[in-house]
Structure formats: structure tokens, C-alpha cells
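Following: one structure in C-alpha cells, then a few remarks.
The values are calculated or read from the model by the stated rules, or taken from the named source; none is laboratory data. All figures in this text were calculated on a predicted structure; none of them were measured in a lab. With ideal geometry, Cβ positions are generated from the backbone for all residues, glycine too; neighbour counts draw on all protein chains shown.
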Amino acid sequence: MDIRPLKNESDYDWALAEIEPYFVTEPEPGTPEADRFDLLALVIERYEDEHWPIDPPDAPDALRARMEQTGKQQKDLAELLGSKARASEVLNRRRHLTLEQAWVLHREWRIPAEALIRPYPLRRRPDATPT
């Protein structure tokens with residue numbers, strides 16, 4: 001096989017051109033073409049991860065995404081967190097989830113715990129005095 005590590009944009013463009021036909025005609029599993037497709041996908045994924053990493057979502061983004069996916073609303077989040085105010089504060093990045101709240105959301109809404117406990121900066125209230 002002619003697959004090689006991707007070291008620059010030219011290599012990356014080559015790999016994209018090579019993998020494109022497999023999306024038109026999917027190779028049969030267990031064939032050399034399927035193996036080639038898998039290897040191309042791996043080197044492309046590695047190159048993209050190294051050059052254009054995507055940070056995992058933090059708690060507010062993960063909550064919003066899950067709410068959108070499942071049709072849940074802020075009132076549903078408020079029921080799990082204990083109050084409308086707490087749900088608003090978390091979604092608006094004014095307060096972090098407690099560990100207990102993160103666990104409940106992980107268990108009830110199946111959100112990865114890592115996203116719920118990952119540190120992120122809070123927004124200050126416009127009327128808050130600097131410390």
C-alpha cells in the first residue's frame with residue numbers, strides 16, 4: 001500500500017483525494033480496499049487532530065447541546081439542579097455545577113462526566129465589584 005504518514009498540507013490533500021472515492025462506493029469489509037480505506041481514515045484523523053484540534057465542550061455547552069438533542073428545556077434542567085436560578089446561572093456561565101449536580105446530569109441525561117467537570121471561566125456580572 002502507498003499510505004504514509006501525513007506531514008504537510010500537500011500530504012493531507014493527497015489523502016483526502018485518495019479516500020474520496022470510497023465514500024461514493026463503499027468497499028466490502030475484509031477486502032484490501034476496506035483496509036486501505038481504514039488506514040487512510042486513520043492518518044487523516046491523526047493529521048486533523050494534530051493540526052486542528054477541537055476542544056471538548058464545557059458544561060454549559062454540553063448542557064445546551066443535550067437539551068437541543070432531546071427537546072429538553074431550561075425548566076427540565078432546573079428540576080435536576082433544584083431551581084430556575086441555578087439552571088440560569090450555570091447556562092450563563094455565572095456558576096459552576098457542583099460535583100453532585102454533575103453526577104446527576106451524567107446519570108440522568110447521559111452527558112459525559114468529563115464535560116460536566118471540565119474547568120471553564122465564569123462570567124462576571126456587570127454590576128459586580130472587582131475583588
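Residue 94 falls short on exactly one of the conditions (1) closer than 30 Å to residue 12 by Cα; (2) surrounded by 11 or more Cβ atoms within 10 Å (Cβ to Cβ); (3) without any contact (Cβ under 8 Å) to a residue 40 or more places away in the chain, and that condition is (1).
What are the pairs with Cβ atoms under 7 angstrom where one residue, in segment 2-16, is exposed (fewer than 11 other Cβ atoms within 10 Å of the Cβ) and the other, located anywhere, is outside any loop (DSSP other than H, G, I, E, B)? Sequence gap at least six, or different chains. From residues that are exposed (fewer than 11 other Cβ atoms within 10 Å of the Cβ), the pairs are 5/43.
Taking the condition surrounded by 12 or more Cβ atoms within 10 Å (Cβ to Cβ) and either over 20 Å from residue 115 (Cα atoms) or over 19 Å from the mean Cα position of the chain (by Cα) (or both), does residue 58 pass? Here the answer is no, as residue 58 does not meet what is asked. Within segment 41-74, the set of residues being under 30 Å from residue 26 (Cβ atoms), out of contact with any helix residue (DSSP H, G or I) (no Cβ under 8 Å at 6 or more places or on another chain) and not in a helix (DSSP H, G or I) comprises 52, 53, 54. What do you reckon, is residue 26 part of a helix (DSSP H, G or I) and among the acidic types (Asp, Glu)? The answer is no for residue 26.
Quick check, is residue 25 assigned by TED's automatic domain parsing to the domain that holds residue 106 and of a type outside the set (Asp, Glu)? Judged against the criteria, residue 25 is not a match.
Do we have any residue at all in segment 70-88 that's within 17 Å of the chain's Cα centre (by Cα) and over 29 Å from residue 15 (Cα atoms)? Among the residues of segment 70-88, at least one is within 17 Å of the chain's Cα centre (by Cα) and over 29 Å from residue 15 (Cα atoms), which makes the answer yes.
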